[in-house]
Protein chains: 2
Amino acid sequence: MKPDFTRLLDPRTEAMATSAIREILKVANRPGMTSLAGGIPAPETFPMDILEHVFSIVLDRWGSSAFQYDLTEGFVPLREAAVPYLRRYSVETPAEGILVSSGSQGLLDAIGKILIGPGDAVAVESPTYLGALQAFNPYGPRYVEIETDEMGAIPESLEKLIKEDKPKFVYLVPTFQNPSGRTLTIERRQTIAEIITRHGVLLVEDDPYAALRYRGDTVPAIKSMAPAHVLYATTFSKVFAPGLRVGLAVPPPGELGTWLVKAKQGTDLHTSTLSQAMAAAYLEGGYLEERLPLICAHYAPRLDAMLEAMEESFPSDWSWSRPEGGMFLWAEGPEGTDIPDLYEKALARNVAFVPGRYFYADPDRGGRTMRLNFTNADLDVLRKAVGTLGELIRNG
Amino acid sequence: MKPDFTRLLDPRTEAMATSAIREILKVANRPGMTSLAGGIPAPETFPMDILEHVFSIVLDRWGSSAFQYDLTEGFVPLREAAVPYLRRYSVETPAEGILVSSGSQGLLDAIGKILIGPGDAVAVESPTYLGALQAFNPYGPRYVEIETDEMGAIPESLEKLIKEDKPKFVYLVPTFQNPSGRTLTIERRQTIAEIITRHGVLLVEDDPYAALRYRGDTVPAIKSMAPAHVLYATTFSKVFAPGLRVGLAVPPPGELGTWLVKAKQGTDLHTSTLSQAMAAAYLEGGYLEERLPLICAHYAPRLDAMLEAMEESFPSDWSWSRPEGGMFLWAEGPEGTDIPDLYEKALARNVAFVPGRYFYADPDRGGRTMRLNFTNADLDVLRKAVGTLGELIRNG
């Protein structure tokens, strides 16, 4: 008789069970499907033509060290090359202040591991990034939700939560947020920086998309306004290649970074040295700065096409975000909108999206919302898919 | 005033605080030091001359997919290429039965995350692999220690623990164990397979070193004797390159593997696709099988040199393991041996090793033991360092 070892599972796995989103992404990847569901970069934006060259730089410069065990903190040449790169995000730090993580996800897990105990309050936007919930969930947090509007998180809501719920930390994706595409205004950033400083609260600023700005002015990271209170995180997943799984973190000065390193050491020893060396050579060689405009030029017309198609085909009682960058936009229907019904009908017409409710810590929220991704389909296909959604919405 | 966010640390971090070993390894890496302390492969064993070719295969075969997000379970071509490779360890599995982890460490973390709750018993060898303790510690286990002798874990001790302590799982490194270098005999493997099957107990068989056999006959994995009760794990760290951070796991049939995947998804989404693709191309091209004898030919004389030098210079009241492979051997002094004193004196003579007590779940054990690594120094340097240790021991 085969043993059933699921009887050994720790109760914390109950918080890891939600795989609805995995099922949705599986369906979205079926052949013939136009997927507005995923969040993956277009492979056309990867610098395939120069990777062989980048690899040869790695071999020349670092030789066997690029294939050897390395520091948990991260590959030193990458941390050094990241110093000027992070200034793009208005983040000032010495190389020693930078930690490398196995994608942003690796950092979110380490944060959960060192900070979250069962029942601890964690403040997140409503809606928020699903991957953060998945990273934090096993550690048993109680989420408290910051209200948001088209300008991002509402500072008054945040301050109220801080006073009432005393969260262990606040988690925000302030720029081109996943899922909403919204960007926190500079005024709100300043207010939030002031609030967290005044209350002595730790903010995790997750910033994967800031470099993907297609128009409008750069908004500085909250980290630049409250460096001692912000743990800043970004990743090479959207600006180089996600398969490398390389993220960067700049913790506040003090011992928090040391604890993140200890947590990471137990979790994966260190991030792939080869991946880090590739990113280091790519940064050092100036390739990232050279390619970034091309990536933006690839995505900008896709965002425009999606916005135009929505303008044309979505009914006037729907509203949606109009981001200036990133990978997503967010649409909300009027009272009575039946997203599960729309989802099924769209699938039958070979169009996939993600129902918005999966991005809420509270599963009863977001019932009339959806997330649409525009980075991974051709212009005509995007227009047609949005047209199909509009048609299905209008025809009920 | 700068905030001190260490006040936010969850109590689980108390179990993550022990960094003595990190300090030892830092000291061991000082210039001029002969380090018998580390556990890192010799960079001369990395196939530097063909890596450019392997990388070009990756680009040709998989193109942008090798740089894109990928399945949490692992890169399919790697899992397929691993099927015949795992037969070398007498592990039979279809590709779907293989999970890729971010090094063995990533798997050990995932095991801890899904199985260990505060106070749960986990059975480990005495001594055991330190990295496993570091992976498990944050989840709050209570370790119960299996007695060992020169033939590895003692089955009677294991069965007694299973009856008395009902461990969540048993963790063993049966072949060329880190730290002891010992290999569990085939008879004991069969007995342990029988015990875990009879009691319905899960065994985690961590097997990073089996391919590094310099003499004697291959011993089959316990996985081959009790496939439904063993979660088998190995890694490319010792046979290709540790910096890739690629491990392989073969869980028992059933849902346990699905839970490991869920845990991993929250921890790092997936292992570096580039690292996995490099490993896949390396396996597929037959390079690993071609190079393995060269790696063994590099290490075998180092093991011999260390054993000979110990024979010559260590006093007769010391005992040590005589492994047929792997990276370590283990020495134990007589009653009254003062390892901390020897450690300090050796450092003063520029020789580093790891005091054995760090490899015990119970910190009061192992006070007369030491771990010696022989893979990362030249023959003459090894002989001289062992001679110095012997001299210091003899002269008290």
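The values are calculated or read from the model by the stated rules, or taken from the named source; none is laboratory data. Treat the numbers as computed from the prediction; the structure is a model and nothing was measured. Neighbour counts are summed over all protein chains in view; Cβ atoms, including those assigned to glycine, are modelled from backbone coordinates with ideal geometry.
Here are the numbers for this structure:
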read-out	value
Selection count, the range A:19-39, where residues are within 11 Å of another protein chain (Cβ to nearest Cβ) and more than 30 Å from B:L203 (Cβ to Cβ)	6
Search result, residues across the range B:1-52 that are in contact with a Lys or Arg (Cβ under 9 Å, 6 or more places away or on another chain) and closer than 30 Å to A:T197 by Cβ	B:L8, B:D10, B:R12, B:T13, B:M16, B:A17
The range B:252-266: number of residues that are within 7 Å of another protein chain (Cβ to nearest Cβ) and among the polar types (S, T, N, Q)	1
Test for B:P138: is it in contact with a helix residue (DSSP H, G or I) (Cβ under 6 Å, 6 or more places away or on another chain) and either farther than 22 Å from B:T271 by Cβ or without any contact (Cβ under 8 Å) to a residue 40 or more places away in the chain (or both)	no
Test: residue in the range A:172-187 that is in a loop (DSSP other than H, G, I, E, B), surrounded by fewer than 18 Cβ atoms within 10 Å (Cβ to Cβ) and not assigned by TED's automatic domain parsing to the domain that holds A:P363	yes
Those residues of the range A:55-79 which are touching a residue at least 40 places away in the same chain (Cβ under 8 Å), farther than 19 Å from A:L256 by Cβ and under 26 Å from the mean Cα position of the chain (by Cα), in sequence order	A:F75, A:P77, A:L78
Filter result (under 22 Å from A:A305 (Cβ atoms), polar (S, T, N, Q) and touching a residue at least 12 places away in the same chain (Cβ under 8 Å)) within the range A:315-371	A:S319, A:S321, A:N350, A:T369
Evaluation of A:G39 against (1) in a loop (DSSP other than H, G, I, E, B); (2) crowded, with 20+ Cβ neighbours inside 10 Å; (3) not assigned by TED's automatic domain parsing to the domain that holds A:R371 (one fails), failing number	(3)
The lone exception for B:V246 - which of (1) farther than 18 Å from B:Q177 by Cβ; (2) surrounded by fewer than 24 Cβ atoms within 10 Å (Cβ to Cβ) it fails	(2)
Positions within the range A:357-388 being in contact with a Phe, Trp or Tyr (Cβ under 7 Å, 6 or more places away or on another chain) and either of a type in the set (K, R) or closer than 30 Å to A:A17 by Cβ (or both), in sequence order	A:A361, A:G366, A:T369, A:M370, A:R371, A:L372, A:N373, A:T375
Answer from A:T271, A:T267 - the residue that is modelled with pLDDT of 95 or more, crowded, with 24+ Cβ neighbours inside 10 Å, in contact with a helix residue (DSSP H, G or I) (Cβ under 9 Å, 6 or more places away or on another chain) and assigned to a loop (DSSP other than H, G, I, E, B)	A:T271
Which numbered condition B:D149 fails, given (1) without any contact (Cβ under 8 Å) to a residue 24 or more places away in the chain; (2) away from chain A (no Cβ under 14 Å); (3) touching a strand residue (DSSP E or B) at 6+ places or on another chain (Cβ under 9 Å)	(3)
Pick from the range B:63-84, criterion assigned to a helix (DSSP H, G or I) and surrounded by fewer than 20 Cβ atoms within 10 Å (Cβ to Cβ), ranking: farthest from the other protein chains (Cβ to nearest Cβ)	B:P84
Boolean, B:T375 is in contact with a helix residue (DSSP H, G or I) (Cβ under 8 Å, 6 or more places away or on another chain), closer than 29 Å to B:E44 by Cβ, part of a loop (DSSP other than H, G, I, E, B) and not small (G, A, S)	yes
Positions within the range B:197-229 being touching a Lys or Arg at 6+ places or on another chain (Cβ under 7 Å) and within 11 Å of chain A (Cβ to nearest Cβ), in sequence order	B:A228
Test: residue in the range B:326-337 that is within 30 Å of A:L244 (Cα to Cα), out of contact with any helix residue (DSSP H, G or I) (no Cβ under 7 Å at 6 or more places or on another chain) and either aliphatic (A, V, I, L, M) or assigned by TED's automatic domain parsing to the domain that holds B:F240 (or both)	yes
Residue under evaluation B:A300, criteria (1) in the same structural domain as B:G103 (by TED's automatic domain parsing); (2) over 25 Å from A:L59 (Cβ atoms); (3) part of a helix (DSSP H, G or I); (4) not basic (K, R), criterion not met	(1)
